[in-house]
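Working notes, beginning with the structure itself.
The values are calculated or read from the model by the stated rules, or taken from the named source; none is laboratory data. Since the model is a prediction, treat every value here as computed from it, not as a measurement. We place every Cβ from the backbone using ideal geometry, glycine too, and count neighbours over all the protein chains shown. When the accessible area is computed, the model is the full protein with side chains, heavy atoms only, and any ligands, DNA or RNA have been set aside. Shrake-Rupley method; radii C 1.70, N 1.55, O 1.52, S 1.80 Å.
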Amino acid sequence: MRRIALALMLPLAAIGVLAGCGGSSPSLATTPVVTVSGAFGQAPTIKIPTEKASHSLTVKTLIHGNGSTLTKTQAFVGNYAIYIWSGTSHRLAQSSFKSHQPTLFAGQLLPGLEKALIGQKMGSRVLAVVPPKQAFGTSGNPQAGIKGTDTLVFVVDLIKNFAPNASATGQQVSSGGGSLPKVTAATGTAPKITMPSSKPPTTLVTKTLVKGSGAAVAKNQTVVVQYVGAIWRSGTVFDASWTRQQPFGFTIAATPSQVIPGWNQGLVGQTVGSRVMLVIPPADGYGKSGNSQAGIKGTDTLVFVVDILGTFS
């Protein structure tokens, strides 16, 4: 699946995070003090003093939610604001509150952010002031404009968590088959796709396999899914969120697009809790150039089985 790389998403997903970063235990009070005000779900007002940051990790639950507890193996959707605190100055790096697009936190978090968030309940707002040693270490993250001496200030609203094996929850209405691929799956496991001997269709096909009772997917929403992608020609699975044990999150019909056209076209209007099979011709997939890294030729039709876990805006 093609993704749009966002430099400032790196602190969230901790892509390339330094291994073995140590640090002290979270502190509930430290000097200088960062203050935060505002309601859950609304952009927070964050005041950072014009002083140098402490070298200790500071964690404070500003709003206590009563939802389920986040575990280390789960992903979650949340809103966030990130400030970079450099010496006696600071600047806003990124805020999903401003873009009105919640984000899926999946994979390994920065060490300090993991300490701050694991064990928190959904519906909570958490402040984490993360020193360099529990962020990107002395090398910083130049791509994101973070120096090795910078402290990161996170305010995160935890909205909904997802298990690694989260899947469609609706009622099965089809298994495909006939001139289309057949799809089988045990509960909580990756669907298996069996290709037919016939030629693939030349236009996009959307087939609902499990019908969910949730809200319909709308343009510009954050959508969280599990998926398996296979090549019709060979039946080879080239990508699957199940393999990584991490749901996948993206903004549907975004500009620029974050997924291939067939996803934007085929998933809008489908309901949360559904499992949908997308049969995607080259024009709605990776085009004439294909995707050599994934073994996809420019003539390949792709088959995705997508479980729609949630939508957020």
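Given +1 at the Cβ of Lys and Arg, -1 at the Cβ of Asp and Glu and no other charges, the dipole of the chain around its Cα centre is 200 debye to the nearest 20. Compared with the direct C-alpha span, the chain from Lys121 to Ser313 gains 67.1 nm at full extension, assuming 0.36 nm per residue. One decimal place: the segment Ser257-Ser89 gains 57.0 nm when fully extended, by the rule 0.36 nm per residue minus the C-alpha distance. Cross-link list Lys192/Lys297; Lys182/Lys219; Lys52/Lys147; Lys199/Lys297; Lys52/Lys133; Lys72/Lys121: which exceed 18 angstrom alpha carbon to alpha carbon? Beyond 18 Å: Lys192/Lys297; Lys182/Lys219. In the stretch 62-165, the C-alpha radius of gyration followed by the widest Cα-Cα span (Dmax) gives 13.7, 44 angstrom.
Put simply, the Cα atoms of the chain extend 69, 39, 32 Å along their principal axes, the longest span coming first. Dipole of the chain computed with +1 at Lys/Arg Cβ and -1 at Asp/Glu Cβ about the Cα centre; of Gly295, Ser68, Gly145, farthest Cα towards the positive end is Gly295. Annotation for the stretch 27-87 versus the stretch 228-260: alpha-carbon center distance of 32 Å.
As a test of the formula, what do you get for the chain when each DSSP H run with n ≥ 4 contributes -39,500 (n - 2.57) and the sum is divided by the residue count, at 222 nm and rounded to the nearest 500 deg cm²/dmol? Walk me through the numbers before you get to the answer.
On the way: 5 runs with 26 residues, N = 313.
After summing the helix terms and dividing by the residues of the chain, the value is -1500 deg cm²/dmol.
Taking 41 Å as R0, compute the FRET efficiency from the Cβ-Cβ separation of His100 and Ser198 and round it to 0.05.
Calculated transfer efficiency: 0.40.
Give me the percent of the accessible area of the chain that comes from carbon and sulfur atoms, probe 1.4 Å, all protein chains in place. After summing per-atom areas, the C and S share lands at 51 percent. Annotation for Lys288 and Gln143: the two label points, set 7 Å from Cα along the Cα-Cβ direction, are 3.1 nm apart. Here the Karplus relation 6.51 cos²θ - 1.76 cosθ + 1.60, evaluated at θ = phi - 60°, turns the backbone of the stretch 142-159 into coupling constants of x, 4, 9, x, 9, 7, x, 9, 7, 8, 10, 10, 10, 10, 10, 9, 8, 9 Hz, with x for every Gly and Pro. Excluding ligands, DNA and RNA, the accessible surface per residue across the chain is 45 Å² with a 1.4 Å probe. Globularity index of the stretch 79-118 is 1.34 (Cα radius of gyration / 2.2 N^0.38 Å, N = number of residues). Would you mind checking the stretch 54-80 for residues with the amide N under 20 Å from a putative spin-label position 7 Å along Cα→C-beta of Ala215? Hits in the stretch 54-80 for Ala215 at 20 Å: 66-68, 76-80. Restricting the trypsin sites (Lys or Arg not before Pro) of the stretch 65-131 to loop positions (DSSP other than H, G, I, E, B) with no more than 15 neighbouring Cβ atoms within 10 Å leaves Lys72.
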